[in-house]
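Novice: One structure coming up, written as structure tokens, with questions to follow.
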Amino acid sequence: MLTQKQAEEAIVSTETGHESREEENEDESQQSMFSIKNILWHGGSAWDAWFSCASNQVAQVLLTLPYSFSQLGMLSGILLQVFYGLMGSWTAYLISVLYVEYRSRKEKENVRFKNHVIQWFEVLDGLLGPYWKAAGLAFNCTFLLFGSVIQLIACASNIYYINDKLDKRTWTYIFGACCATTVFIPSFHNYRIWSFIGLGMTTYTAWYMAIASLIHGQDEGVTHSGPTKLVLYFTGATNILYTFGGHAVTVEIMHAMWKPQKFKYIYLLATLYVFTLTIPSASAVYWAFGDQLLNHSNAFSLLPKTGFRDAAVILMLIHQFITFGFACTPLYFVWEKVIGMHDTKSLCLRALARLPVVIPIWFLAIIFPFFGPINSAVGALLVSFTVYIIPALAHMLTYRTASARQNAAEKPPFFLPSWSAMYAVNAVIVVWVLVIGFGFGGWASMTNFIRQIDTFGLFAKCYQCKSPAAAVHH
């Protein structure tokens, strides 16, 4: 066990040694400024990783979970959250194991990662070869692209509930320009204060939704008829799969840690905290408004207009800006590597090189402004592979030989000490997500998505906005 720990420590000793020496050599006259900068800007502890995971996992999806509950019914909604939350934590654990394996192998070859951020597709390339690299790159980049699109759509959807003088499409233009400023944030090291603030914002919003719904009470004649249709049931289930599939940025968050081997259980601890936000808020809103939610994918549209609601909307807007940065930063890294700018030290030069990444995101958010249905479509077609099927299959294939298992940098966890048991769990995940998530979920969410296009059209000016008469009525 000691040799395993020593191997894990060796993984980061080279890089952290160099980084800490460089930091120590900074101008000592700026020491007080440097320490403040460290506190706010430069994070690499286990706590930083926990805040990053927890704040990144629930953002705008918090507002669509009541919509999913109306499609699934209360019991299925709660059970599927727990089920996919634990499954997501397991595959995040697998990703962390594969990262440590890749890095330890590279360290033995004297490869240094100075100024280079390891990404998931590079881990797949190093362990399984170029075809896996291509699959990882394609799914991961497409998922993160649409993840960023969803944040932009959510910004426009939310601000509309405070200021409806401009339509949602105009708000998308405005927030696209605002979110483009994330090009100036170099890496996940620099999200320390943002992750902390972001988690505070989602915590406030979740408990506001729960308490406001309970105070409001049940609407007169409220009905809770879900689940009624198979299409809606699997659409809702896939949105929950999407909710707990936020670990497409796991490798980048791990790489930002001083000791990445400590990441193993951080994602699970983050998920357990997230349960305290998602389950009470979604249950309370569904209890209060019932089937009305089927036509209101954003919970803010039904909650009474108060100062507390406006505060929640504003906090979620700021949080979506942070989450946009989280989803976009790995795309920035990939683009930098493609154009040969990844090792450039100039922040302004890198920011300028990153700008072309934002433009297609902006454009897609204007084409598909379907807040809610787009989450399920992305969940079924992209998240299912990116964060469930590929990590489970990659783990099975990496350790398929006896020598690979014997020399593994990470042995099976204490609660599942046998390789055969790990193999069985991974096989179940692959089959389940392929059939239920990708198969049924893909069919249902695409059917629902096409229905939105038929109803509202592409480039919809104001998706799910109230008619003027209804607005006066409310």
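The values are calculated or read from the model by the stated rules, or taken from the named source; none is laboratory data. This one's a predicted model, so the numbers in the text were calculated from it and none came from an experiment. Note that we place each Cβ from the backbone using ideal geometry, even for glycine, and neighbour counts take in every protein chain shown. Note: areas computed on protein heavy atoms with side chains; ligands, DNA, RNA excluded. Shrake-Rupley method; radii C 1.70, N 1.55, O 1.52, S 1.80 Å.
Novice: Could you please let me know if Ser297 is crowded, with 16+ Cβ neighbours inside 10 Å, of a type in the set (Ser, Thr, Tyr) and in contact with a Gly (Cβ under 7 Å, 6 or more places away or on another chain)? Walk me through how you get there before you give the answer.
Specialist: Numbers: crowded, with 16+ Cβ neighbours inside 10 Å: yes; of a type in the set (Ser, Thr, Tyr): yes; in contact with a Gly (Cβ under 7 Å, 6 or more places away or on another chain): yes.
So Ser297 passes the test.
Novice: In segment 238-265, how many residues are part of a helix (DSSP H, G or I), out of contact with any Ser or Thr (no Cβ under 6 Å at 6 or more places or on another chain) and open to solvent by 10 Å² or more (accessible area, probe 1.4 Å)?
Specialist: Qualifying residue count, segment 238-265: 5.
Novice: Modelled with pLDDT under 90 and within 18 Å of the chain's Cα centre (by Cα): which single residue out of Phe121, Phe146 fits that description?
Specialist: Details: Phe121 fails: modelled with pLDDT under 90.
Testing whether each residue is modelled with pLDDT under 90 and within 18 Å of the chain's Cα centre (by Cα) leaves just Phe146.
Novice: For segment 401-457, give me each residue that is surrounded by fewer than 16 Cβ atoms within 10 Å (Cβ to Cβ), within 19 Å of Thr386 (Cβ to Cβ) and small (Gly, Ala, Ser).
Specialist: Ala427, Gly439
Novice: Are any residues in segment 277-323 out of contact with any Lys or Arg (no Cβ under 9 Å at 6 or more places or on another chain) and small (Gly, Ala, Ser), and if so, which ones? Please lay out each step first, then the result.
Specialist: Of the residues in segment 277-323, the ones out of contact with any Lys or Arg (no Cβ under 9 Å at 6 or more places or on another chain) are 277-299, 302, 304-323.
Matches in segment 277-323: Ser281, Ala282, Ser283, Ala284, Ala288, Gly290, Ser297, Ala299, Gly307, Ala311, Ala312.
Novice: Return yes when Ser96 is of a type in the set (Ser, Thr, Tyr), part of a helix (DSSP H, G or I), open to solvent by less than 10 Å² (accessible area, probe 1.4 Å) and modelled with pLDDT of 90 or more and no when it is not.
Specialist: yes
Novice: For residues in segment 379-400 being among the hydroxyl-bearing types (Ser, Thr, Tyr) and farther than 14 Å from Val428 by Cα, which is surrounded by the most Cβ atoms within 10 Å (Cβ to Cβ)?
Specialist: Here the answer is Thr386.
Novice: Which members of segment 123-157 meet the condition of being of a type outside the set (Phe, Trp, Tyr), out of contact with any Asp or Glu (no Cβ under 8 Å at 6 or more places or on another chain), open to solvent by 20 Å² or more (accessible area, probe 1.4 Å) and in contact (Cβ under 8 Å) with a residue 60 or more places away in the chain?
Specialist: Leu128, Ala135, Leu137, Cys141, Thr142, Leu145
Novice: Still on this structure, please answer the following. Report those helices (runs of 4 or more DSSP H) wholly inside segment 390-433 carrying at least 1 residues which are of a type in the set (Lys, Arg). I'd like the intermediate steps shown before the answer.
Specialist: Details: elements: 390-398, 402-406, 419-432.
In segment 390-433, the matching helices (runs of 4 or more DSSP H) lie at 402-406.
Novice: Please state which of the following conditions Tyr160 fails to meet, knowing it meets all the rest: (1) touching a His at 6+ places or on another chain (Cβ under 9 Å); (2) farther than 30 Å from Ile429 by Cα; (3) aromatic (Phe, Trp, Tyr); (4) buried (at least 22 other Cβ atoms within 10 Å of the Cβ).
Specialist: Evaluating Tyr160 over (1) touching a His at 6+ places or on another chain (Cβ under 9 Å); (2) farther than 30 Å from Ile429 by Cα; (3) aromatic (Phe, Trp, Tyr); (4) buried (at least 22 other Cβ atoms within 10 Å of the Cβ) leaves (1) as the failure.
Novice: Of the numbered conditions (1) hydroxyl-bearing (Ser, Thr, Tyr); (2) part of a helix (DSSP H, G or I); (3) over 20 Å from Val383 (Cβ atoms), Thr223 satisfies every one except a single condition; which is it?
Specialist: For Thr223, the exception is condition (2).
Novice: Before we move on, is Gly379 part of a helix (DSSP H, G or I), in contact (Cβ under 8 Å) with a residue 12 or more places away in the chain, at negative phi and in contact with a Leu (Cβ under 6 Å, 6 or more places away or on another chain)? Before you say what the answer is, go through the steps one by one.
Specialist: On the way: part of a helix (DSSP H, G or I): yes; in contact (Cβ under 8 Å) with a residue 12 or more places away in the chain: yes; at negative phi: yes; in contact with a Leu (Cβ under 6 Å, 6 or more places away or on another chain): yes.
Taking the combined requirement at face value, the residue satisfies it.
Novice: State yes or no: is Leu347 at pLDDT below 90, more than 27 Å from Thr235 (Cα to Cα), open to solvent by 50 Å² or more (accessible area, probe 1.4 Å) and touching a Phe, Trp or Tyr at 6+ places or on another chain (Cβ under 7 Å)?
Specialist: yes
Novice: Oh, and also: Is it fair to say Gln292 is at negative phi and surrounded by fewer than 22 Cβ atoms within 10 Å (Cβ to Cβ)?
Specialist: Criteria met by Gln292.
Novice: Could I ask something else about it? Scanning for something within 30 Å of Ile279 (Cβ to Cβ), among the basic types (Lys, Arg) and touching a Pro at 6+ places or on another chain (Cβ under 8 Å), does segment 173-192 turn up at least one residue?
Specialist: no
Novice: With the condition kept exactly as written, say whether any residue in segment 327-335 is hydrophobic (A, V, I, L, M, F, W, C), surrounded by fewer than 18 Cβ atoms within 10 Å (Cβ to Cβ) and within 27 Å of Asn163 (Cβ to Cβ).
Specialist: Among the residues of segment 327-335, not one is hydrophobic (A, V, I, L, M, F, W, C), surrounded by fewer than 18 Cβ atoms within 10 Å (Cβ to Cβ) and within 27 Å of Asn163 (Cβ to Cβ), which makes the answer no.
Novice: Select from segment 328-356 the residues that are assigned to a helix (DSSP H, G or I) and either within 18 Å of the chain's Cα centre (by Cα) or among the charged types (D, E, K, R) (or both) and list them in ascending order. Spell out the reasoning first.
Specialist: The first filter runs over segment 328-356 and keeps only residues assigned to a helix (DSSP H, G or I), leaving 328-339, 347-356.
Correct list: Cys328, Thr329, Pro330, Leu331, Tyr332, Phe333, Val334, Glu336, Lys337, Arg350, Arg354.
Novice: Here's a follow-up. Would you confirm, using the coordinates I've provided, whether Leu303 is at pLDDT 90 or above and part of a loop (DSSP other than H, G, I, E, B)?
Specialist: When the stated conditions are applied, Leu303 passes them.
Novice: Does Ile197 fit the bill of being touching a residue at least 40 places away in the same chain (Cβ under 8 Å), in a helix (DSSP H, G or I), closer than 28 Å to Arg103 by Cα and open to solvent by 20 Å² or more (accessible area, probe 1.4 Å)?
Specialist: Spelling it out, it is not the case that Ile197 is touching a residue at least 40 places away in the same chain (Cβ under 8 Å), in a helix (DSSP H, G or I), closer than 28 Å to Arg103 by Cα and open to solvent by 20 Å² or more (accessible area, probe 1.4 Å).
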